[in-house]
1. Among A:51-59, A:427-435, how do they line up by average Cβ neighbours within 10 Å per residue, starting with the highest?
2. What is the fewest-to-most order of A:LEU196, A:LEU554, A:LEU415 by other Cβ atoms lying within 10 Å of their Cβ?
3. Calculate for chain B the 222 nm mean residue ellipticity that helices alone would give, adding -39,500 (n - 2.57) per DSSP H run of length 4 or more and normalising by residue count, nearest 500 deg cm²/dmol.
4. Indicate, rounded to the nearest 5 percent, the antiparallel portion of the DSSP beta bridges found entirely in chain A.
5. Give me the dipole magnitude in Debye, nearest 20, for chain A about the Cα centre, with unit charges on the beta carbon: positive for Lys and Arg, negative for Asp and Glu.
6. For the range A:224-247 and the range A:286-334, write down the distance between their C-alpha centroids in whole Å.
7. So which trypsin sites (Lys or Arg not before Pro) in the range A:415-475 end up in coil per DSSP with only 14 or fewer other C-beta atoms within 10 Å?
8. Can you work out the PRE-style zone for A:ALA35? Point 7 Å along Cα to Cβ, and I want the residues of the range A:223-238 with backbone N under 17 Å.
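Each value in this text was obtained by applying a stated rule to the coordinates, not by laboratory testing. On a predicted model such as this, the values are computed, not experimentally measured, just so you know. All Cβ positions, glycine included, derive from the backbone under ideal geometry; neighbour counts span all protein chains shown.
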Amino acid sequence: MNGRLDAKIPEGPIEDKWRSWLDAHRLVGPRNRPAYTVIVVGTGLAGASAAASLAALGYKVKSFCFQDSARRAHSIAAQGGINAAKDLANEGDTVRRLFVDTMKGGDFRAREANVWRLAELSTNIVDQAVAQGVPFNREYGGQLATRSFGGVLVQRTFYSRGQTGQQLLLGAYSALQHQVAAGNATIYNRHEMLDLVLVDGQARGIIARNLVTGELERHAADAVVLASGGYTNVYYLSTNAMGSNVTAAWKAHRRGALMANPCFTQIHPTCIPQSGEYQSKLTLMSESLRNDGRVWVPRQPGDRRRPSDIPEHERYYFLEERYPSFGNLVPRDVASRAAKVVCDDGLGVGATGRGVYLDFRDAIAQRGRAEIQARYGNLFDMYRRITGDDPYTTPMMIYPAPHYAMGGLWVDYELQTTIPGCFAIGEANFSDHGANRLGASAMMQCLADGYFIVPHTVTNYLAQRLPRVTERDPAFDAVEREVRDRLRRLVSIGGRTAPQVFHRQLGNVMLDKCGMARSAEGLTQAISEIHAIRDEFWQDLRVDGSIDELNQSLEYAGRVADFLELAELMCLDALKRNESAGGHFREEYQTEDGEALRDDENFATVTAWEYGGERAMPVAHEEPLTFENVQLATRSYK
Amino acid sequence: MNFTLEVWRQDYPGAEGRFETIEARDIDPDASFLEMLDQVNERLIAEGRRAIAFDSDCREGICGACSLTIDGLPHGPRQVTTCQTYMRDFRDGQRIRIEPFRSNAFPVLRDLVVDRSALDRIIQAGGYVSTTTGPQPDPNAAPVSPDVQQRAMDAAICIGCGACVAACPNGAAMLFTGAKVTHLNLLPQGQPERERRALAMVRQMDEEGFGGCTNYGECSRACPQEISIDVIGMLNREYRRAVRGQARSREKMVAQ
């Protein structure tokens, strides 16, 4: 790595970049494709769509997931919808508008060329999904229905009730199963990637652990695509699935892939508050609820009356008052921070005082209960099941929770990491959302990457005709040995403490000091606390059972060990970024009325970190961001 | 709250299993069933004992990973996934028997973890539209009435957990298969492969060793997504239609 990061962005006007890249990229003939093996790690929207598309081209695809079935990846839980600039509502929506909204929503910390391509491809995704049989909601005439989402003024979000992620994922999963049936793809379920194997500096395979037998397996390939998701489980408390982890991405990072903007994480405003410290998984309530729900707290601190007993003039609709033009539909980072501020001021509700109301009283009065039920019925049911409260008669109680990682592996325009042959797609990469992701954009990015981008960029990479590598290559011996040594180390510490205890400690530090608000002082302190937890982990961990069997504590311990390393990098990154942008709010850098204060002079950049070695300082590389198609402006939703 | 758990323990596939009695003390009534097991596991590990293996992931009722049988009922007493079953639904001091989903087609891998890949193979047999990535027609060119969309969606919401199989006295997977056939066969995109899909998925279901439906209705009562048994009626109709179609085209060939 010689300091310079080349994003390989094609020349020419932004509208033509992707077309001109496609025009010039190298191809592999159909008859030659079966000779190439491509590994795809993860079977969420990005992984399943990439694996299905690469297999359909004719490559031999090996698809890996740690779950028992490819259909369980956490994309399944995405609720609200997927954006596409189709302008079906005749509002004058265009690709450029979606591009501008995404750039602005990301607080101008994303790469223009990637975001444009995303907006451009958005229109194809819905068509692809419908062709697979995804039952999107329809209008009376049978046309596709749309709705609006946070941070935008148009209705460009397509949805299948409140289960859009499930339906889109099952579409991609079924496309992948179709390729399995056709003999082009093989799924390795209950397999966890534990390291990346490099030969001559190129990614040539992985070491995966068969989670049923404990066996370490070698899988050689010509390219490796990481679609392993995000890392917000580093906070312990998060809306991610229990198994979501950073391990695959982190192993690639340790082997030379740069990690970009790791401090950019999204704390989602509408989650059901935690009920006890044993609970790590928080349930998200779709952002779409903010279309009709009004967010408020009592004006009087410590008001213990029932919400229905609090008269209108004593209710503080803080989003509507602070941001009159967007009101309850401000972007997630803004909504979360505003909720934190009112709770810090003692206005929060619920047993812990860390909660705000999301109230449907007025919407029900205006539109009728049936209409609200049609829109959000399953979400209301879910809320009632979890809390025992009925949102039709009493407001929901919500609080922000870690939800999504905008940061991730650094990739160029071709979605390739700094390791040749190692690609990263979906939430695992850093590419398109800058410092804050807009609602209904994650699924769009995953599927754009998986269906329409990575199949071509992998082809372009494979066309250079790589030398053949097999599992007998000595590089596999060496990496497999390292993986085995580490697993043995984890089971043989012989301490007294279960892995979840360390995870919880780490999460408390991260949420407190590297969460919705950060400061130089807090971050410095967090780093020394993380070191202390890490030392304790390697001295006092207990993993029951052995490495050669189904052992969930061992799986968990390995993931916590990697989170402990990532956490430090997140703090370093947050410390280095002396500005506030999107989800990264440094208390030292704010406007008089408490909004994020960017420093475009010094920080209109991507910080990409190079692994420095065991307990050594990582090296920061910068990719300057240029803004030619969108005007840098202070984000205002007022 | 306190509970006495009788937990199925099994070390590896095919090993002889046994019930072990484990105490769960000081549990918050608002803890979910799986959060209760998390706490039990944390304590078991600290005591130097072996943690209970069980599958779970999303913990919000949509991934379909959790697969416990609680006091004989797949997922538990409330017709929701185990992760959405809360301890407040049980009595303080209650004895609770926890087993894996029981079915011949779902071999136990360890403790409460079962192998449900048979369900993936049913999908591989035909639970998809044979299209590949590329330019697709404008979705509005094939309008779908909201009524049909809703019926397709009522089936498409299946989470593939397998509770229907575990609940069925015959170990049938017809609710699962019927849901997929209903979803795809109702929509315009599913029409070209309508017959082939029904035939292939039913054939695979038989090959995996699942039983047949005799209308007990337990599947639908156990389904956390409340998928109606109507999908089995639809599957039967689609299957008969496909078989008749095959017979007719054979006759035609003979006549020619």
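1. Values: A:51-59: 27.0, A:427-435: 29.3.
My ranking of the peptides, most packed first, is A:427-435, A:51-59.
2. Details: A:LEU196 28, A:LEU554 22, A:LEU415 25.
Least crowded to most crowded, the residues run A:LEU554, A:LEU415, A:LEU196.
3. Values: 8 runs with 98 residues, N = 256.
When only DSSP H runs of four or more count, the value is -12000 deg cm²/dmol.
4. Details: 45 of 65 bridges.
Counting only bridges with both partners in chain A, antiparallel ones make up about 70 percent.
5. Numbers: 71 positive and 78 negative charges, 295 e Å.
Dipole of chain A, to the nearest 20 debye: 1420 debye.
6. 31 Å
7. Numbers: sites: A:ARG437, A:ARG465, A:ARG468, A:ARG472; in loops: A:ARG437, A:ARG465, A:ARG468, A:ARG472.
Those that pass, being in a loop and sparsely packed, are A:ARG465, A:ARG468, A:ARG472.
8. A:223
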